[in-house]
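One structure is given here, and the rest of the page talks about it.
A short reminder: the numbers here are calculations on the coordinates, not readings from a lab. The model shown is predicted, which means the values in this text are computed figures rather than measured ones. When we count neighbours, we look across all protein chains shown, and the Cβ atoms used for this are built from the backbone with ideal geometry, even at glycine.
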Amino acid sequence: MANRRRAKITALGRYVPPRVVTNHDLSKLVDTNHEWIVERTGIHERHWVEKGTPTSELGAKAVDDLLKRRGIEADDIELIIVATVTPDMFFPSTACLIQDKIRATRAWGFDISAACSSFLYALTTGAQFIESGQHSKVLVVGADVMTSILNPEDRTTLILFGDGAGAILLEPCAEGEEAFGVLDYRHEIDGSGGEHLYMPGGGSLNPSSRETVDGKMHYVHQNGQAVFKYAVRKMQELSRSILERNNLTGADIGAFIAHQANLRIIDATANKIGLDQSKVIKNIHKYGNTTAATIPLAIGDAIDDGKLKKGDLVLFAAVGAGFTSGCVLARWAY
Ligand code: UT7
């Protein structure tokens, strides 16, 4: 492992739609209130698209932002990996749609479906293509339009989710930067948890029909408590184990950037691994759960707030539908 070519994150781009929806706005749509939402989730507001805005549009805007910041052209991109649970359509893949929108004429690409863990799965996957030496500029995009699959009458899910996109660029570490970049990862799936968070309609099991729509099978279905319990246990377990196998403790971590699904899940994990609160990146209050976009949006806020600096060890963590889960350990390189 000592001499392997490492992948580092060299740029970030973000996009959230301009429309802000507050908890008070939601209390006019369903039987809920600001206090309940804040106490149970930490969410104050979220951004929602205008109806009909596709995931590829958000993703392409995040990539445009990234390209400007990095000062490169779309044609420099070799591979596009898109993490999403709300593709524009079954096919073509959202990677194809984004590739066309940004005119990345030299790139190939594909989508990864792992719900709330998908950004980390995509990051790990992208890093392999850098480490193997096959590619030197890999784009990882996390984008979701969760409002396209939310039941507007279900207060238990409607309040949780937002729309957004983030993108990172992976490039090889330069000589002398061996300690930087993506250092380690741990990922798991546990399909026995599939029944607790899923969208049953529209696939090959229940092809779209009048019955599937009448039965509201084209919406997110969630057993919140079951997901919550699994997320707390698994995020702590994976975070602890990746630290242990790298001979690290919470005190070594410069920034903990977890999937933003519930403030209580993030805080429980941070406490368990002994992290100082100042190291815990939280932005769920302003975006809600944007599924594949939470981690890149949180990276952006950490940079803006001066909480992520070159040389910092970063621990990323996520748990999501599937169940899927993962942790990535990296040393921030810019
Ligand atoms: O990112 C993907 C992974 N997803 C997650 O990580 C979500 C994990 N789960 C959660 O974050 C939490 O379970 C929720 C935020 C979804 C729910 O919080 P909770 O503390 O588990 O609440 P609960 O489901 O136990 O519901 C408590 C009460 C119930 O009323 P009763 O039965 O006690 O009378 C619910 O009907 O709160 C009620 N309730 C609401 N009240 C006001 C449920 N949703 C709402 C609401 N507003 N929006």
**Asked** Given the Cα-Cα distance of GLU39 and ASP25 and 0.36 nm per residue of separation, how much length would full extension add, in nm?
**Response** 3.3 nm
**Request:** Add +1 for every Lys or Arg and -1 for every Asp or Glu among the other residues with Cβ under 14 Å from the Cβ of LEU79, and state the total.
**Result:** -4
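Could you give the C-alpha radius of gyration of the range 215-334 expressed as a fraction of 2.2 N^0.38 Å, taking N as the number of residues it contains?
For the range 215-334, the normalised Cα radius of gyration is 1.06.
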**Distant-in-sequence amide H partners of THR86 (H built 1.01 Å from N, under 5 Å)** = VAL145
**Message:** I need the Kirkwood Rh of the range 49-102: take the reciprocal of the average 1/r across all distinct C-alpha pairs and report it in angstrom.
**Reply:** 11.7 Å
**Asked** Quick one: of the DSSP bridges fully inside the chain, what percent are antiparallel, nearest 5?
**Response** 70 percent
**Fill in**
Summing -39500 (n - 2.57) over every DSSP H run of at least 4 in the chain, dividing by its residue total and rounding to the nearest 500, the 222 nm mean residue ellipticity is -9500 deg cm²/dmol
**Request:** Whole number please: convex hull volume per residue, Cα atoms of the range 73-190, in Å³.
**Result:** 131 Å³
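Dividing the convex hull volume of the Cα atoms of the range 1-98 by its residue count, what figure in Å³ per residue is obtained?
For the range 1-98, the hull spanned by Cα atoms encloses 183 Å³ per residue.
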**Asked** Considering the range 140-272, what Rg and Dmax in Å follow from its alpha-carbon atoms?
**Response** 18.8, 61
**Message:** How large is the direction-averaged shadow of the alpha-carbon convex hull of the chain, in nm²?
**Reply:** 16.2 nm²
**Request:** Evaluate the relative contact order of the chain (contact order divided by residue number), counting alpha-carbon pairs under 8 angstrom at least 6 apart; express in whole percent.
**Result:** 25 percent
**Calculated from backbone phi, Karplus (6.51, -1.76, 1.60) coupling profile of the range 168-181 in Hz, x at Gly/Pro** = 10, 10, 9, 9, x, 5, 7, 4, x, 10, 4, 7, 9, x
